[in-house]
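The values are calculated or read from the model by the stated rules, or taken from the named source; none is laboratory data. Every value quoted in this text rests on a predicted model; they were computed, and no experiment measured them. Don't worry about glycine lacking a Cβ; one is built from the backbone with ideal geometry, like all the others, and counts go over all protein chains shown. For accessibility, only protein heavy atoms count, side chains too; no ligands or nucleic acids. Shrake-Rupley method; radii C 1.70, N 1.55, O 1.52, S 1.80 Å.
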Amino acid sequence: MIYYDEIFLKHRPPNYHPENPRRLEIIKKALEERGLWRDIVRPVKAEFSDLTNVHEKEYIEFVRKSCERETFLDSDTYVCRFSWESALTAFGCSIQCMENAVKKKDLHLALVRPPGHHAGRKGIAFNAPSLGFCLFNNMAGAIVKAKEFFDVVVVIDFDVHHGNGTQEIFWNDNSVIHIDFHEYGIYPGSGDIHETDGSKINVALPHYCKDDDYIYAWREIVNPMIEKVDPEVILISAGFDAFKNDGLAAMELTERFYAFVGSELADFSVVAVLEGGYSVGLERGLPAFVEGYMKGFHAGEVKPSTKVVEIVEKLKDIHDLR
């Protein structure tokens, strides 16, 4: 099921910005061409009280008033007069997806803007330099709702940037297992493999990793954790900016990894909330993820780099995954 509303197109920058409405236009065209643009659900807008489950009131008011002024919240995060409604709808959509995922096993894909995983309780999180294009943490809204149904919640973030906001909001909450794949050493600067409260697993990978590296790490880290928890619903912060030449990072993933992930998740009800992805990652990576979930995909044998194997071995020790 695809959750989408044209309000998400009205969150617009004053001039060129990588996070712009064309992102959703790319996705829609790519899914239409593959016959995947169907079962469209109209999102439900969040209430102010929903936001306060995740963010402090002062920050929420700061965003609301900033939207009225049509300004920048920081060096790279803009708002316009439609951003408030767009952000409320994105946040509400994520909660709605979670509620529906409990009722019906499916891929519940929230095609929302603005993104959210960098936004912490008070805004900027874990000493990041900015909000990283995010206003409210949409995934956090889904996690809070998931905690009403389940004792343990599994969240996987494969955006190329570390989900510092999500990590901060649920830091020291061991009922939330947050597995975050990211390119280490780029924005926002957090997410070292040793940065953990016990339930936050940072799969911090070196530059230029390929499909084999990611697939290997997924099989060795994610699958054992899923087997241990045995969740009914898995939440995904779905960023596609680790795709080769997507524009904002140096990873070199292709359709193979995203199809693999979709296939690996096919036994579960999945809430996938859009985060990053700015060009080819949205055009090719996102449809591959959807098709992998629907049709299955066999990735075959992999040959990860020596460095990635070393990182994975350290993570196994840190998180008792042997």
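Brief remarks follow.
- Of the residues making up segment 78-86, none is of a type in the set (Gly, Ala, Ser) and within 15 Å of the chain's Cα centre (by Cα).
- Which listed residue is surrounded by 21 or more Cβ atoms within 10 Å (Cβ to Cβ), in contact with a Leu (Cβ under 6 Å, 6 or more places away or on another chain) and at pLDDT 95 or above, from Leu88, Leu111: Leu111
- Options Lys65, Lys57: the member that is in contact with a helix residue (DSSP H, G or I) (Cβ under 9 Å, 6 or more places away or on another chain) and of a type in the set (D, E, K, R): Lys57
- Extreme residue, surrounded by the fewest Cβ atoms within 10 Å (Cβ to Cβ), among residues of segment 25-62 that are assigned to a helix (DSSP H, G or I) and among the aromatic types (Phe, Trp, Tyr): Phe48
- Looking at segment 227-322, the helices (runs of 4 or more DSSP H) lying wholly inside it that each contain 2 or more residues that are of a type in the set (A, V, I, L, M, F, W, C) and either modelled with pLDDT under 95 or open to solvent by 10 Å² or more (accessible area, probe 1.4 Å) (or both) sit at 286-295, 306-319.
- Within segment 146-185, if we keep just the residues that are small (Gly, Ala, Ser) and open to solvent by less than 10 Å² (accessible area, probe 1.4 Å), the residue that is farthest from Thr196 (Cα to Cα) turns out to be Ala146.
- Residues located in segment 129-145, provided they are assigned to a loop (DSSP other than H, G, I, E, B) and either within 17 Å of the chain's Cα centre (by Cα) or surrounded by 24 or more Cβ atoms within 10 Å (Cβ to Cβ) (or both): Leu131, Gly132, Phe133, Cys134, Leu135, Phe136, Asn137
Matching residues to (1) free of Cβ contacts under 8 Å to residues at least 24 places away in the same chain; (2) within 23 Å of Gly285 (Cβ to Cβ); (3) not polar (S, T, N, Q):
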residue: Asn127; (1), (2), (3): no, no, no
residue: Leu135; (1), (2), (3): no, no, yes
residue: Lys147; (1), (2), (3): no, no, yes
residue: His161; (1), (2), (3): no, yes, yes
residue: Ile169; (1), (2), (3): no, no, yes
residue: Ile179; (1), (2), (3): no, yes, yes
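- Scanning segment 43-77 for residues that are under 25 Å from Ala146 (Cα atoms), of a type in the set (Lys, Arg) and over 20 Å from the mean Cα position of the chain (by Cα) returns a single hit, Lys57.
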